[in-house]
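Peer 1: Take this structure first; my questions come after.
The values are calculated or read from the model by the stated rules, or taken from the named source; none is laboratory data. The structure displayed is predicted, hence computed values, not measured ones. Note that we place each Cβ from the backbone using ideal geometry, even for glycine, and neighbour counts take in every protein chain shown.
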Amino acid sequence: MYEAMRVWVSLATATNGSYGSEMKITEVKTFLMSGGGSRNWCFVKVYTDAGIYGVGEGSGWPRVVQTAVEDLANVVVGEDPMDIERLHQTMIVAMMGHGMTGTPGSGAINAIDMALWDIKGKVLETPVWNLLGGRVRKQIRTYAHAHSPERAVELRDRGITGVKTGGVYRTVEIVDSIRQAVGDEMDIMVDAHGPPWFTAKDAIIVGKNLEPYNLLFYEDPVPPENTEALRRVQENVDIPIAAGERHSHIWGVREIIEDELVDVVQPDSGRIGGITQLRKIAALAEAHYINVAPHSGSLGPVAEYAAIHILASIANALILERLEDDVPQRYEVIQPHLPTVDGYITVPEEPGLGVDFDEDVVAANPPNPNVISGPDPQNGHYEPGTYDERVYYQQRYRRGRELRRIRP
Ligand SMILES: [Mg+2]
């Protein structure tokens, strides 16, 4: 059969005789589960009157996102799910009255938008990467996290070709030990996590001391809100700079891309605003020779599929962040789990996103508060010696000690 005709016939079959325009969204359901510790994952199913449903995920404070998705459902139920761009703009307009809703707002849009792309792929019987222009690659390179040379060697021996370490405490020392252990074949990345007490000058000092290690990138060297600080780091450190995980929508990353303050942009595929936003950001980045390396971390396993389909279909894909050896529910809740083999994920061929999740596993892992630690109520500060104390409050008092390890 003539190929275009076959597609239209399958579309007509799937939509009970219409060409898509008569198909309607009937319901949006949310599913919130624990991702371990203070992480939660918010999944959605968007149902249609054609018997097809799409799956998505929204991150960016998932307990808040769940409520926002339930509110946004009011503007998409009864609408044609094939009109993705129109519904995306409708959801943005619905958010406007609530002010700058940031990542929770775009996380909610992300969840529904992602499910709409899944529906469109299922209706047209083709993978989402095909809807995005077709496949540039059949495999996606991934990197994992390693904070010791032993862990980096273990990952290398499993075929993984990139590792990232985090924080600013002993970072140069850790990078040096990892580089000595794994040699030059493995890519190493550093995420400073942009703590608010870390000055641009601190970030430059650390960055200059990291230059000899030929990092793939230096991530969030300063907090993302002040782009002038990021500009100073970009101009003074000779390592590709990465940022973007805390932003939402194309407007959140516009300045860092257009002013070329980053070499790598890191949209979070759970809270950037969906596949609709990811593809626009990738195009803007391409115009500036900036690579795309989507963020993961608090993100659940459904949102990862949005990143996989984008990276499969764009020229400027760099690498995908991936948690290896995470909590059991990450691997239990979705079908299929795509393993990392020799450092790569194989891009799925199934219609739509190619993933579904198990509602029983969601029910078996009830959510926790997204923030589970805070200052000591007695003395008003984080407990000395804890992670939170080190990251959020007290580090400045020890600058001399911390930087002495970097610059003796
Ligand atoms: Mg990060």
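Peer 1: So for region 183-198 (the condition being more than 24 Å from Tyr143 (Cα to Cα), assigned by TED's automatic domain parsing to the domain that holds His288 and more than 16 Å from the ligand (Cβ to nearest atom)), does at least one residue qualify? Break it down stepwise before answering.
Peer 2: Step one: list which residues in region 183-198 are more than 24 Å from Tyr143 (Cα to Cα), which gives 196-198.
Keeping just the survivors that are assigned by TED's automatic domain parsing to the domain that holds His288 gives 196-198.
Now narrow it down to the ones that are more than 16 Å from the ligand (Cβ to nearest atom): 197.
Yes - at least one qualifying residue is present in region 183-198.
Peer 1: All but one of (1) in a helix (DSSP H, G or I); (2) crowded, with 19+ Cβ neighbours inside 10 Å; (3) of a type in the set (Lys, Arg) hold for Arg271; which doesn't?
Peer 2: Arg271 satisfies all of (1) in a helix (DSSP H, G or I); (2) crowded, with 19+ Cβ neighbours inside 10 Å; (3) of a type in the set (Lys, Arg) except (1).
Peer 1: Going through region 262-289 one residue at a time, which ones are more than 24 Å from Glu57 (Cα to Cα) and within 16 Å of the ligand (Cβ to nearest atom)?
Peer 2: Hits for region 262-289 are Val262, Asp263.
Peer 1: When the residues of region 361-381 are filtered to those that are in a loop (DSSP other than H, G, I, E, B) and small (Gly, Ala, Ser), which remaining residue is modelled with the highest pLDDT?
Peer 2: Residues of region 361-381 that are in a loop (DSSP other than H, G, I, E, B), as a first pass: 364-381.
In the following step, the residues that additionally are small (Gly, Ala, Ser) were identified as 364, 373-374, 380.
Details: Ala364: 98, Ser373: 60, Gly374: 59, Gly380: 57.
If we take residues in region 361-381 being in a loop (DSSP other than H, G, I, E, B) and small (Gly, Ala, Ser), then Ala364 is modelled with the highest pLDDT.
Peer 1: In the list Ile205, Ile174, which residue meets the criterion of being in contact with a Lys or Arg (Cβ under 9 Å, 6 or more places away or on another chain), over 22 Å from Glu258 (Cβ atoms) and away from the ligand (no atom under 15 Å from the Cβ)?
Peer 2: Values: Ile174 fails: in contact with a Lys or Arg (Cβ under 9 Å, 6 or more places away or on another chain).
Only one candidate passes the filter, namely Ile205.
Peer 1: Tally up the residues in region 290-321 that are of a type outside the set (A, V, I, L, M, F, W, C) and within 14 Å of the ligand (Cβ to nearest atom), please. Give the steps one after another, and end with the answer.
Peer 2: Going through region 290-321, the residues of a type outside the set (A, V, I, L, M, F, W, C) turn out to be 291, 294-298, 300-301, 304-305, 309, 313, 316, 321.
If we keep only those that are within 14 Å of the ligand (Cβ to nearest atom) too, we end up with 294-298, 321.
Going through region 290-321 one residue at a time, the tally reaches 6.
Peer 1: I'm checking my understanding of the structure. Among residues of region 242-255 that are within 16 Å of the ligand (Cβ to nearest atom) and surrounded by fewer than 24 Cβ atoms within 10 Å (Cβ to Cβ), which one is nearest to the chain's Cα centre (by Cα)?
Peer 2: Filtering region 242-255 down to residues within 16 Å of the ligand (Cβ to nearest atom) leaves 242-248, 252-253.
Imposing the further condition that a residue be surrounded by fewer than 24 Cβ atoms within 10 Å (Cβ to Cβ) reduces the set to 246, 252.
Details: Arg246: 9, Gly252: 14 Å.
It comes out as Arg246.
Peer 1: Output the number of the condition that Val65 fails; it satisfies all remaining conditions of (1) farther than 18 Å from Glu22 by Cα; (2) out of contact with any Pro (no Cβ under 6 Å at 6 or more places or on another chain); (3) in a helix (DSSP H, G or I).
Peer 2: Exception for Val65: condition (2).
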